[in-house]
Amino acid sequence: EEAIRMVDSETSVEAFAAAASATCGPVGLDCEWPPAEMLVSICQVAIDDVVWILDLIWARDVGNQEVPAAFCRLLADSSVQKLGFGFQEDLDRLSASLPSSESRPHICNFVDLQVDKRGLAALLRGEVGLHLD
């Protein structure tokens with residue numbers, strides 16, 4: 001199986017939804033957006049040994065409701081631990097990016113790994129001596 005899978009077709013949406021509903025966690029989360037824009041372009045969801053790239057631009061353009069629905073079900077699943085870094089801004093932007101029925105994503109069992117004001121690269125360098133490119 002591919003280590004990175006784009007979710008930008010009906011078939012890939014079904015595969016992501018199945019993986020998201022079957023996982024026991026933990027799940028890594030991160031969202032990206034273009035500079036000076038509010039809407040999230042992609043969400044990266046690490047489940048087991050696969051990173052799913054949710055193409056929210058594609059989902060909005062084609063009117064696909066299952067991508068945000070499956071993602072929101074995963075976020076709300078209290079049995080699955082979710083991990084992120086500085087994720088509050090991601091959540092704020094997701095609220096503006098998802099269809100109105102999913103506009104306030106509810107997240108359960110989430111751990112934000114940002115322990116202070118440092119970014120991820122500075123935190124890794126300072127705490128464990130790793131360098132992030």
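The values are calculated or read from the model by the stated rules, or taken from the named source; none is laboratory data. In this text, all values refer to a predicted model and were calculated from it rather than measured experimentally. FYI the Cβ positions are ideal-geometry reconstructions off the backbone, even for glycines, and counts take in every protein chain you see. SASA here: full protein model, heavy atoms, side chains in, ligands and nucleic acids out. Shrake-Rupley method; radii C 1.70, N 1.55, O 1.52, S 1.80 Å.
In whole percent, and with a 1.4 Å probe on the protein chains, what portion of the accessible area of the chain is carbon and sulfur?
53 percent
Can you tell me the dipole magnitude for region 2-87 around its Cα centre, using point charges on the Cβ only (Lys, Arg +1; Asp, Glu -1), in Debye to the nearest 20?
Numbers: 4 positive and 13 negative charges, 57 e Å.
With only Lys, Arg, Asp and Glu charged at Cβ, the dipole is about 280 debye.
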Exercise. Which whole-percent values make up P(r) of region 10-49 when all C-alpha to C-alpha distances are grouped in 5 Å steps starting at zero?
Worked result: 6, 20, 23, 22, 15, 10, 5, 0
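At 1.4 Å probe radius, can you tell me the per residue accessible area of the chain in Å²? Mind dumping the intermediate values first?
Values: 7480 Å² over 133 residues.
Heavy-atom SASA per residue in the chain reads 56 Å².
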Seminar exercise, completed: With label points set 7 Å from each Cα along the Cα-to-Cβ direction at GLU10 and ASN109, the distance between them in nm comes to 3.2 nm
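If you average 1/r over all unlike Cα pairs in the chain and invert the result, what Kirkwood radius do you get in angstrom?
On the way: mean 1/r = 0.0650 Å⁻¹.
When all Cα pairs of the chain are included, the Kirkwood radius is 15.4 Å.
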Problem set entry | Those GluC sites (Glu not before Pro) in region 1-61 that DSSP places in a loop and that have at most 16 other beta carbons within 10 Å | GLU1, GLU2, GLU37
Exercise. What fraction of the DSSP beta bridges in the chain is antiparallel, stated in percent and rounded to the nearest 5?
Worked result: 55 percent
Exercise. Measuring from centroid to centroid over Cα atoms, what is the spacing of region 32-49 and region 56-133 in Å?
Worked result: 8 Å
Exercise. If you line up the long axis of helix 10-22 against the longest principal axis of the chain, both from Cα atoms, how many degrees apart are they, to the nearest 10?
Worked result: 60 degrees
